[in-house]
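Here the structure comes first, spelled out in structure tokens, and everything after it is commentary.
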Amino acid sequence: MKEKTKTTDKQGSDSEGSTVSGAEALLKCLIEEGVDTIFGYPGGAIMPVYNKLLDYSDRLRHILTRHEQGAAHAAQAYAMVTGRVGVCFATSGPGATNLVTGIANAFLDSVPVVFITAQVTSALIGTDAFQETDILGISMPVTKWNAQVKNAQDIPYAIARAFYIARSGRPGPVLIDISKDAQVENLSYSYRQCTYIRSYNPFIPLHMRDIESAAVMINHAEKPLILAGHGVILSGAAEELKALAEKGGIPVAATLLGLSAFPHKHRLFAGMLGMHGNYAPNVLTNQADLIIAIGMRFDDRVTGNLKKYAPDARIIHIEIDRAEINKNVRVDLEINNDAREVLSALVPMIRESSREKWIREFRILDRIEYEKVIKPETDPGEGEIRMGEVVKAVSDLTDGDAVIVTDVGQHQMAVARYYRFSEKSTLVTSGGMGTMGFGLPASLGAASGNPGNPVIAFIGDGGFQMTLQELGTIMQYHIPVKIILLNNSFLGMVRQWQEMFFNGRYASTEMANPDFMTLAGAYGIEAHRVTRREELRMAIGTMLAAEGPYLMEVTISREANILPMVEPGASVSDVTLTYR
Amino acid sequence: MQQEYTISLFTEDHIGILSRITIILTRRQINIDSITASESAIKGLQMLTMVVTTTPDMVNKVARQIEKLVDVVKVFVHTSPEIICQEIALYKVTTRGLMAGSMIGDLVRKHHARILEVTPEYIVVEKSGDKEEITALLAVLEPCGVLQFVRSGRIAVTRQVKELDAYLKEMEEAGRGRTETLEIYN
Ligand SMILES: Cc1ncc(C[n+]2csc(CCOP(=O)(O)OP(=O)(O)O)c2C)c(N)n1
């Protein structure tokens, strides 16, 4: 991960050697790492830390969420918009277990977050003491690294390691569990940032021979296709990606998390890959003679049926995590390194080319998709309001320059398909885990990172109700998020599957909803409900102009489907464009 | 396609690392046939030797996943011809049975076993060797009445010439080199 940390460049701090409590040492370490915002929730075991936090409130802003899961998602979103490491606090026992969904979510999407949990006093660990839980064991499969600290003296080194591990290589969440006595005990404080761990080496030497082979393969290909993933964003390689695409005349398709890595207005942007991706990049994956996969992991939602995936293509895989290479798809050339390093070296070796004929094939399929799917979805003209037209209107009115947050479900796919991300935009979404309830807390985390652009969260009525208590956090800190609640009174995505694959038997997917306007009112959040197409654009304008938080509910077609679809088990070239 | 592999890996001596490794194997439904943990030739590094039966494709995938763990230094995967390996077994046999067969001499000469303890009731025999040899001796002793039998996990050294410290040096150089350039950017 390319760091934008504002770490102090001098090593070690002015208070070197001073005697402080473990709790204070922890806060000092965080400041050394450039942290200024913490999301969290207090409780018995972590009280010494919170007590000290009060003395540091000028340098460390603490945002009290309404649930630890919310704090975890907020910290992740904060990391995604700032490029820095997110930080999240929770107490022992239930506080720690409430984090687990958030940790797993950050793990699957490779986002650097340092989780600090408190643990019962060390003498009680292992005895099933009050609010003791084995969070180390529980979080092991979903953290990049975790450790327990039972002596105050060990806190600085543990924190230094945690930050180094979280942000280097393939980023990910790290959890440090600190016993209550270690928070209270004194230590002689000094801090050194960690830059090297013997058993962990994220910096891989670049093998020029592999880069040369890649260049030869690309220069000889007639139908190359770039698949850009989250790794492009994490390594800060968006510029290099654009250079590669433009020089070689190579179309760029993106995974869900790679969407904001390449401007969608660019003539070489081929669209989104995968289950609800665009028609052209899915179909043409199976006609490409070369696939250049960058910072992505061939997730099953992207590849569809692996046996029928890219049969005519040779594959170059540029990926920092060696365990991802040859995991799902056999590749012809593996380049195990940071995307930006590789692309910087590769671009000069690429022959200039326009590949007009190949690019025309995309345009032809784009046209078909536009007529059959995009036009009816984004410009239906009559009937109930569709998700696609709401997203398109927001995209037009923000000119693609926003921090877009989504929850999980149909609306997430509508956003992915119809928001035209610009170079300055960011998408914050739950990709690998598909965690409903991510959107609202993530939006407040993103907005806390002061991204400059407006933060707009698209959320379904189902997912909204999983974490809606975070409206309280938004109220308390007056966080200016714009929430667009797309209300279809259904768990839409599951309903769609029931319709398509379970004979329309709607088992437990219809929802009786509260009056969201009254709810927003209870939190003092400005709100407006849109039920007619004619008022949609005006309402979005009002929302964007509002200074503080705003909730816009749109009553959406109840039983609309997200198309196209690569149905489960189908090949990516076997796309369902219309249904019913 | 399934085959026996010896995975030798070197880790920092940190609590929980074995757990992290077994989580990876469990998720892939791979059974550990045997496991041995010990110190390694390099100070502070632990060595784990595991025997698993799986496909070549899968063993490579899990090896990469294990090597990715922060506290794991290096993972080696070997098939039998690439390593020299031994297991050790102890057999507690009834003295009456063993004497009746008058096999004691054979044990030492033919099976290269050692006698560790002799009492009127039982005799403890020790043998090191590969799995087949140890199983073969068990079959021989069976008629004499085996009271207890225990076999260690496999330990192995590789035939390859490049040793771990050479890998360590390479990795260290790569890491240090990068650290310097990073500091320039800051
Ligand atoms: C925590 C969690 N539980 C269940 C699911 C399964 N799931 C995926 S999408 C979906 C429906 C989402 O409904 P809603 O939030 O209303 O959004 P819509 O699909 O209607 O846009 C469900 C239940 C999930 N992804 N996450």
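Computed from the coordinates by the stated procedures, all read-outs in this text should not be read as laboratory data. Here the structure is a predicted model, which is why all the values come from computation and not from measurement. No Cβ is skipped: glycine too gets one built from the backbone with ideal geometry, and neighbour counts run over all protein chains shown.
Pairs of C-alpha atoms in the range A:208-361 farther apart than 19 Å represent 45 percent of all such pairs. Toward the positive end of the charge dipole of the range B:84-151, about the Cα centre and with charges on Cβ (Lys, Arg +1; Asp, Glu -1), which of B:GLY129, B:VAL146, B:LEU107 goes farthest? The residue sitting farthest along the positive end of the dipole is B:LEU107.
What is the helix-to-structure angle for A:238-248, meaning the angle in degrees between its Cα long axis and the longest Cα principal axis of chain A, kept from 0 to 90 and rounded to the nearest 10? For A:238-248 against chain A, the angle is about 30 degrees.
How do A:LEU241, A:LEU306 line up, fewest other C-beta atoms within 10 Å first? Ranking A:LEU241, A:LEU306 by Cβ neighbours within 10 Å, fewest first, gives A:LEU306, A:LEU241. How would you classify the range A:333-482 from its alpha-carbon gyration tensor, with a ≥ b ≥ c the square roots of the eigenvalues: rounded for a/c under 1.5, else prolate if a/b is greater than b/c, otherwise oblate? It is oblate, given that a/c is not under 1.5 and a/b is not larger than b/c.
The modelled label-to-label distance for the pair B:VAL108/B:LYS162, using points 7 Å beyond Cα in the direction of Cβ, is 4.6 nm. Close amide-amide hydrogen proximity is noted between A:ASN278 and A:MET272, A:LEU273, each under 5 Å apart and 5 or more residues distant or on a separate chain (H modeled in the peptide plane; Pro and chain starts excluded). Partners of A:LYS180 within straight-line reach, counting aspartates and glutamates whose Cα lies under 12 Å from its Cα and excluding those fewer than 8 residues away in the same chain: A:GLU132. Note on chain B: Lys pairs 8 or more places apart or on different chains, Cα atoms under 25 Å apart, count 16.
Straightening the chain between A:SER190 and A:GLN287 buys 29.1 nm, computed as 0.36 nm per residue apart minus the Cα-Cα spacing.
Quick one: putting +1 on the C-beta of Lys and Arg, -1 on the C-beta of Asp and Glu, what dipole do you get for the range A:379-555 around its Cα centre, in Debye to the nearest 20?
Using Cβ point charges on Lys, Arg, Asp and Glu, the range A:379-555 gives about 260 debye.
The simple spin-label model puts a point 7 Å past each Cα toward its Cβ; for A:ASP399 and A:ARG209 those points are separated by 5.0 nm. Once the mean of 1/r is taken over each pair of separate Cα atoms and inverted, the range A:19-188 shows a Kirkwood hydrodynamic radius of 15.2 Å.
For the pair A:LYS424 and A:ASN328, a Förster radius of 25 Å applied to the C-beta separation gives a FRET efficiency near 0.20, rounded to the nearest 0.05. For chain A, a/c is not less than 1.5, where a ≥ b ≥ c are the root eigenvalues of the C-alpha gyration tensor, and a/b does not top b/c. That puts it in the oblate class. Expressed as an acute angle from 0 to 90° and rounded to the nearest 10, what is the orientation of the C-alpha long axis of helix A:155-167 relative to the principal long axis of chain A? Computed tilt is about 10 degrees. Here the 3J(HN,Hα) profile of the range B:141-158, calculated from phi with Karplus coefficients 6.51, -1.76 and 1.60 at θ = phi - 60°, is 7, 2, x, 7, x, 8, 7, 8, 9, 9, 10, 7, x, 7, 10, 8, 10, 8 Hz, Gly and Pro shown as x. Considering the dipole of chain A built from charges on the beta carbon (Lys and Arg +1, Asp and Glu -1) around the Cα centre, which of A:SER354, A:MET538, A:GLY548 is farthest to its positive end? The residue sitting farthest along the positive end of the dipole is A:SER354. Within the same chain, aspartates and glutamates fewer than 8 places from A:LYS307 are excluded, and of the rest, those with a Cα less than 15 Å from its Cα are A:ASP299, A:GLU567, A:ASP574.
Put a dot 7 Å past the Cα of A:THR19, heading toward its Cβ, do the same for A:ASN51, and the two dots end up 1.7 nm apart. For A:SER199, the amide hydrogen comes within under 5 Å of no other amide hydrogen, counting only partners 5 or more places away or on other chains and with H modelled in the peptide plane.
Legend: ranking of residues A:LEU485, A:LEU333 from fewest to most surrounding C-beta atoms inside 10 Å; resulting order A:LEU333, A:LEU485.
Can you find, among A:TYR50, A:TYR78, A:LEU136, the residue farthest towards the positive end of the dipole of the range A:3-136? Put +1 on the C-beta of Lys and Arg, -1 on that of Asp and Glu. So the residue we want is A:TYR78. Taking 30 Å as the straight-line reach from the Cα of A:LYS482, the lysines in range (excluding those fewer than 8 positions away in the same chain) are A:LYS2, A:LYS4, A:LYS6, A:LYS265, A:LYS375, A:LYS392, A:LYS424. Residues A:HIS317, A:HIS478, arranged from fewest to most other Cβ atoms within 10 angstrom of their Cβ, appear as A:HIS478, A:HIS317.
For A:ALA507 and B:MET1, FRET efficiency with R0 = 35 Å and r from the beta-carbon atoms, rounded to 0.05?
The formula returns an efficiency of 0.30 here.
Computed over the range B:84-151, the Cα gyration tensor eigenvalues convert (square root of 5λ each) into semi-axes of 19, 11, 11 Å, ordered from largest to smallest. As an equivalent ellipsoid, the range A:379-555 spans semi-axes of 24, 18, 17 angstrom, where each value is the square root of five times an eigenvalue of the C-alpha gyration tensor, largest first.
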